[in-house]
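In what follows, a structure is listed as structure tokens, so that the remarks can point back to it.
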Amino acid sequence: GVLVGLLLPAVQATREAARKTKCIQNLKQIGIGLHSYHTSHSNFPSGYQANMDADVDSKCWSWGAFLLPYIEQNVIFDEVKVGQLTLDDITNDPKLFPFLKKSLAAYLCPSDIGGEESHQYRSIVTYVIDPGGKGSLTHIDPGSGTKIPHWIKIAKSNYIGSLGSQWKLTQSEWAEEHFKGNGLLGRNSSLNISQILDGTSNTLAVGERSFKNYAGVWAGINSWQRSGFTDNQMVLGTAFYPINDDPISLNLGTDGAGSANFSSYHPKGANFLFSDGSVHFLSEEIEFASDGQGVYQYLAQRNDGESIGDFK
């Protein structure tokens, strides 16, 4: 019993080291994908791409979907026609919707819990029909009957794009500049390397978020006009909150404490992909300042002009 007690922590540490290494490899693959996308398009993908001219608020494809051809997932990309069909089109098509539930190993940290489906707070909303209110539901609107919102879990992702260090606590405070963010990936962003004024080696691109903090998804978001659990928090994170900040238990509209941050099940920190393609583990003890002037917040910003020094 004593021998087992001595060996078990060592075995667990070895297993976690292997899982952490796989997580780093995933982020490096995403980094290669981001730079391959940049080579093809002369800019990085949008955090999520919204049709700002649309009269109706709609769902939006995210950076994770746009990156599919660059991480060897051409089949899914071609089937759902990312950028040609809208995410609403796919959500309302019972033949194509299952592709949104397709789990991708490159987007999953092996140390995370919760399986391969998204948390219920990261579900995609669809509308089913109850003709005559008799409980007979169909997946899409056949043209008659009562529409009933129906929340469906899709594929989980443990990797969240960096919006930067900004956040607003109430919906009324959000303006276009906040949705674009001050990081690498924001709403309808299309940044190129020359616009990362702080240097690619000093700017976060993607970080981890664990299931404890509701993780994320790779496909996209429900609404481009909002900032809550089922909106930009589904695919983006902010350094406005500390690493591994405790989550809030309510599915609130905007307040992102513990649900818009970065986190992991690796001990004492999380892995981050930087804009130069390198991956670094940032400790949850990294300098974080309530006024937004900490090292962690500076790393999340692309153009603050601050000298960071050694953060590794």
Point to revise | Condition check for residue 69: surrounded by 16 or more Cβ atoms within 10 Å (Cβ to Cβ) and outside any loop (DSSP other than H, G, I, E, B) | key: yes
Review point. Of the residues that make up the range 72-86, is at least one open to solvent by less than 40 Å² (accessible area, probe 1.4 Å), closer than 29 Å to residue 279 by Cα and not in a helix (DSSP H, G or I)?
Key: yes
Practice item. Taking residue 247 as the residue in question, decide whether it is assigned to a loop (DSSP other than H, G, I, E, B) and open to solvent by less than 50 Å² (accessible area, probe 1.4 Å). Key: yes
**Study point:** Identity of the residue in the range 151-174, over 10 Å from the mean Cα position of the chain (by Cα) and basic (Lys, Arg), that ends up farthest from residue 63 (Cα to Cα)
**Key:** 168
Check your understanding: Which numbered condition trips up residue 124, out of (1) modelled with pLDDT under 95; (2) touching a helix residue (DSSP H, G or I) at 6+ places or on another chain (Cβ under 9 Å); (3) more than 21 Å from residue 20 (Cα to Cα); (4) open to solvent by 10 Å² or more (accessible area, probe 1.4 Å)?
Key -> (4)
Study note, to complete from the structure: For the range 16-60, the count of residues that are open to solvent by 30 Å² or more (accessible area, probe 1.4 Å) and in contact with a helix residue (DSSP H, G or I) (Cβ under 6 Å, 6 or more places away or on another chain) equals 2
Point to revise | Output for the range 184-200, where each listed residue is more than 18 Å from the chain's Cα centre (by Cα) and polar (S, T, N, Q) | key: 192, 194, 195, 200
Point to revise | Count - residues of the range 87-103 that are outside any helix (DSSP H, G or I) and either over 26 Å from residue 28 (Cβ atoms) or touching a helix residue (DSSP H, G or I) at 6+ places or on another chain (Cβ under 8 Å) (or both) | key: 6
Check your understanding: Restricted to the range 275-301, and to residues that are touching a Leu at 6+ places or on another chain (Cβ under 6 Å) and either open to solvent by 30 Å² or more (accessible area, probe 1.4 Å) or aliphatic (A, V, I, L, M) (or both), which residue is farthest from residue 198 (Cα to Cα)?
Key -> 279
Point to revise | strands (runs of 3 or more DSSP E) wholly inside the range 140-240 that include at least 1 residues being open to solvent by 10 Å² or more (accessible area, probe 1.4 Å) and not small (Gly, Ala, Ser) | key: 146-152
Check your understanding: Are any residues in the range 104-116 of a type outside the set (A, V, I, L, M) and either in a loop (DSSP other than H, G, I, E, B) or open to solvent by 60 Å² or more (accessible area, probe 1.4 Å) (or both), and if so, which ones?
Key -> 109, 110, 111, 112, 114, 115, 116
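The values are calculated or read from the model by the stated rules, or taken from the named source; none is laboratory data. As the structure is a computational prediction, the values presented were derived from the model and not from experiment. All Cβ positions, glycine included, derive from the backbone under ideal geometry; neighbour counts span all protein chains shown. These area figures cover heavy atoms from the full protein model, side chains too; ligands, DNA and RNA do not enter into them. Shrake-Rupley method; radii C 1.70, N 1.55, O 1.52, S 1.80 Å.
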